[in-house]
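K.L.:
I'd like to ask you about the structure that follows.
The values are calculated or read from the model by the stated rules, or taken from the named source; none is laboratory data. In this text, all values refer to a predicted model and were calculated from it rather than measured experimentally. Every residue, glycine among them, receives a Cβ derived from its backbone with ideal geometry; neighbour counts consider all protein chains shown.
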Amino acid sequence: MNDKTHISAQSDDDEIDLLELVYTILDGKWLILFFILLSTFLAFIYAFGQPPIYKADAVLQVESKKAAIPGLGDLAGLGGETDASVGTEIEIIKSRKNLEKAIKKLNLDIKAEPKRIPLLGNLYSKFFNSDDVQKLPKIWGWLDKKVYPYAWGKEKVTINRLEVPAHLLDKNLTLISREKNSFDLLSEKRLVLQGKVNQYSRSKDGSIQINVQELVALPGTKFILQKKSNLEVIQSLQKAIKASEKGKRTGIISLALEGADKQLIVKTLDHISKTYLAQNQSRSSLDAANALDFLKKQIKPVKDKADKAEASIKLYRTQHHTADISMETQAVLNVVAGIDAELQKLSLKRDELGQKYTSNHPVIQAITAQEKKLKKRKQRTLSKISKLPETQQELLKRERDYKVASETYLDLLNQIQGFKIAEASTVGNVYIVDKAVVYNKPVKPKKGLILALGALLGGMLGILLVFLKKALHQTVHNPEKLEEITGIPVYATVPLSTTVKLTGGFNKDKRQKSLLAIANSTDPAIESLRSLRTSLHFALLEAKNNIVMITGPSPGIGKSFISSNFASVLASAEEKVLLIDADMRKGYLHNVLNKKISPGLSDLISDQAALEDVIHTIQIDDNSMDIITRGKTPPNPSELLMHSRFKELLDQLSEQYDLILIDTPPVHAVTDPTIIGALSGVVFMVVYSDLHSMKEIEHAVTRLMHTGVETKGFIFNGYNAKKNSYGYGGYGYHSYYGDYKSDNN
């Protein structure tokens, strides 16, 4: 590099430039737009390729429970909880016992669906299929056999029964439709059975049985079958059913189920609701049934006891010739008998409730407390009887036993009748408010949301890649920063031109078609070259000759544009200028100036043409300039430039012209610039805005310096003053020199 002080490339300003961020995004707008369109397209395939998911719902009501046992209502306030818990009822609805009945009834443990290419099959069926069943048109060539087994229309299969051995549970089976309502069933590509629609079919060993109720498909279409394990289906259904209480303490339960089959989800919800309703009614009548069974077992012993007590009284009266008891004694008897009857009822009730509750239950403890009170009252009453004669006491005892037994018997008969009525009239505390219905509009996928998210993610990915690209490829887009870092002055800043004419078509190697200085002499790019003319005058004062080499780090940065138009600007100032196209590999100035490629520089150096034959004159308004084209492409351009005749030629021409401009290949591509630079008085390096990294520029300057060539200054090309971020438009970047091969490593 030159002897000037090299300034570190690290920026002193660590602040975030928001305007630069915006311009970075604008520079990468096409990349961002590409990813937005790509992501939106993929989101479209996903959104419309998914089968529509519908939602069905039903509403149930759970009322507070009433006492199911007649006569227990007076004890309910002693600790019994009668209000139903909605949370408990929801768990019962989703219980295995309740769901298992729906699974068996509706064959939910059998999965049967046509085999489709993921996403694409549904897309084709949605947008291109109008028939019930369809195959792709045979325009796919070798792909026809690959896609033929897949379903592309409204194919379907209905399985009434499918039995498989345990090792095939949750494993895929393949059903292939055949002609005449027949089919083949395969397991892991092995044929296990052949059958017909609406007929039971079984494998040879009988382990696999199937009944296909309906099969709508063209021959050769494949279906995927699967027999799921009962527990897995129950768990899946438990997760799929959404049950919740509407509001707080309303007792209203909302059930919802989503699925692709409208009819199936409605049937599933209806069956679950009805099964739960029947189960609730059964639970409600169970208490009455249990109590009835208990009372029926107790009534015979009580009746026998009453009969024995009556016979005992008659026998005692006969043996002892005892008359009826007095009125006073009868009153005492009634009191004691009433107490005994109450004690008998409480004892029966405690035994009955003991089947449901422990001895620590509040209801049982309340009965025990009542028994204690009645027994104390009985003892106080019996103390009055002890004063009577012994025969009267014995008669009174037997009368009391009979009266208690007979009243208890009558009470049991009344309770049995009550429980029979309760058992027959039990309706439960659950009601179906709204039967299951399905919404016509799918709830999933949410196409608009998916497309919006796809576009958003694509934009974010595009922006991320733009900033990542910028971070990995730090380029120079500020001429002041270039001067600051390298210590080499920028002699001219050439703004981006949008009026320069380029070769058309989709060819990536777009080139300048004509001189901009002639087509539009007032273009800002030409004005900047006029300022370069003034700066060059002072640069030549210290130069060893009037030869100016224009080069650059890489191809496609506008070196030929700068050279040709700068020569035209100098010629317009009445200077005698010679432009030499020294790029004997890929030079194209002959096309720009509409001259023949040969004879040219290569012919002149190889002594195959005379000087007067290779110099072409170009008219520039009232003035003119001369040009030497590159000539025929030689096999060894670098060796040709190193020949003494090239130096002699430049010395000769230097005396004949005011200024010689030499357009050379890129420094990083070949060694030609180092050879020509050693013979030049001034070396300018063209740098294109936002294309080169600082290391690339420094390496190019260093490479020239190692051969003794000093870079006098930079020409900053492609500057965009509007955004201070610099594109490649106009005469900008292309990969025309992409196939250059360096001959000097």
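K.L.:
Looking at the range 645-675, which of the residues that are modelled with pLDDT of 90 or more and of a type in the set (S, T, N, Q) is farthest from A582 (Cα to Cα)?
P.N.:
Out of the qualifying residues, it is Q656.
K.L.:
Identify, from the list D205, D170, the residue that is of a type outside the set (G, A, S), in contact (Cβ under 8 Å) with a residue 40 or more places away in the chain and either surrounded by fewer than 17 Cβ atoms within 10 Å (Cβ to Cβ) or assigned by TED's automatic domain parsing to the domain that holds E89 (or both).
P.N.:
Working: D205 fails: in contact (Cβ under 8 Å) with a residue 40 or more places away in the chain.
From the options D205, D170, the qualifying one is D170.
Results for (1) of a type in the set (K, R); (2) in a strand (DSSP E or B), shown as yes or no for each residue.
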| site | (1), (2) |
| --- | --- |
| K204 | yes, no |
| S207 | no, no |
| I210 | no, yes |
| Q213 | no, yes |
| I224 | no, yes |
| V233 | no, no |
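K.L.:
Select from the range 651-708 the residues that are out of contact with any Phe, Trp or Tyr (no Cβ under 7 Å at 6 or more places or on another chain) and among the small types (G, A, S) and write down the one among them that is nearest to I25 (Cα to Cα).
P.N.:
Selected residue: S693.
K.L.:
Of all residues in the range 598-609, which are in a loop (DSSP other than H, G, I, E, B) and more than 14 Å from E648 (Cα to Cα)? Break it down stepwise before answering.
P.N.:
Residues of the range 598-609 that are in a loop (DSSP other than H, G, I, E, B), as a first pass: 598-600, 606-609.
Once the filter is applied, which keeps residues that are in a loop (DSSP other than H, G, I, E, B) and more than 14 Å from E648 (Cα to Cα), the range 598-609 yields S598, P599, G600, Q608, A609.
K.L.:
Take the range 432-459 and flag every residue that is in contact with a Leu (Cβ under 7 Å, 6 or more places away or on another chain) and either basic (K, R) or closer than 30 Å to G251 by Cβ (or both). Explain how you work it out, then say what you get.
P.N.:
Narrowing the range 432-459 to residues in contact with a Leu (Cβ under 7 Å, 6 or more places away or on another chain): 432-433, 436, 454, 458.
Correct list: I432, V433, A436.
K.L.:
So, L225, is that one among the aliphatic types (A, V, I, L, M) and under 24 Å from V147 (Cα atoms) or not? First the steps, then the outcome.
P.N.:
Numbers: among the aliphatic types (A, V, I, L, M): yes; under 24 Å from V147 (Cα atoms): yes.
The answer is yes for L225.
K.L.:
Given the criteria touching a residue at least 40 places away in the same chain (Cβ under 8 Å), surrounded by fewer than 17 Cβ atoms within 10 Å (Cβ to Cβ) and either β-branched (V, I, T) or in the same structural domain as F566 (by TED's automatic domain parsing) (or both), does R630 qualify? Give the steps one after another, and end with the answer.
P.N.:
On the way: touching a residue at least 40 places away in the same chain (Cβ under 8 Å): yes; surrounded by fewer than 17 Cβ atoms within 10 Å (Cβ to Cβ): no; either β-branched (V, I, T) or in the same structural domain as F566 (by TED's automatic domain parsing) (or both): yes.
So R630 fails the test.
K.L.:
May I ask you to list the residues in the range 574-611 that are buried (at least 20 other Cβ atoms within 10 Å of the Cβ) and polar (S, T, N, Q)?
P.N.:
Result: S602, single match.
K.L.:
Could I ask something else about it? State all residues of the range 176-194 that are in a strand (DSSP E or B), touching a residue at least 12 places away in the same chain (Cβ under 8 Å) and more than 16 Å from K228 (Cβ to Cβ); if no residue qualifies, say none. Full working, then the answer.
P.N.:
First, the residues of the range 176-194 that are in a strand (DSSP E or B): 176-177, 182-187, 190-194.
Now narrow it down to the ones that are touching a residue at least 12 places away in the same chain (Cβ under 8 Å): 176-177, 182-183, 185-187, 192-194.
Matches in the range 176-194: I176, S177, S182, F183, L185, L186, V192, L193, Q194.
K.L.:
Another question about this same structure. Criterion first (of a type in the set (D, E, K, R) and modelled with pLDDT under 85) does R511 satisfy it? Lay out the reasoning, then the answer.
P.N.:
Details: of a type in the set (D, E, K, R): yes; modelled with pLDDT under 85: yes.
It is true that R511 is of a type in the set (D, E, K, R) and modelled with pLDDT under 85.
K.L.:
Failed condition for M549, given (1) within 60 Å of the chain's Cα centre (by Cα); (2) under 21 Å from G677 (Cα atoms); (3) outside any strand (DSSP E or B), with all others met?
P.N.:
Checking M549 against (1) within 60 Å of the chain's Cα centre (by Cα); (2) under 21 Å from G677 (Cα atoms); (3) outside any strand (DSSP E or B), the one that fails is (3).
K.L.:
Considering each residue of the range 555-574, count those that are of a type in the set (D, E) and closer than 12 Å to N717 by Cα, and give that number.
P.N.:
Looking only at that region, the number is 0.
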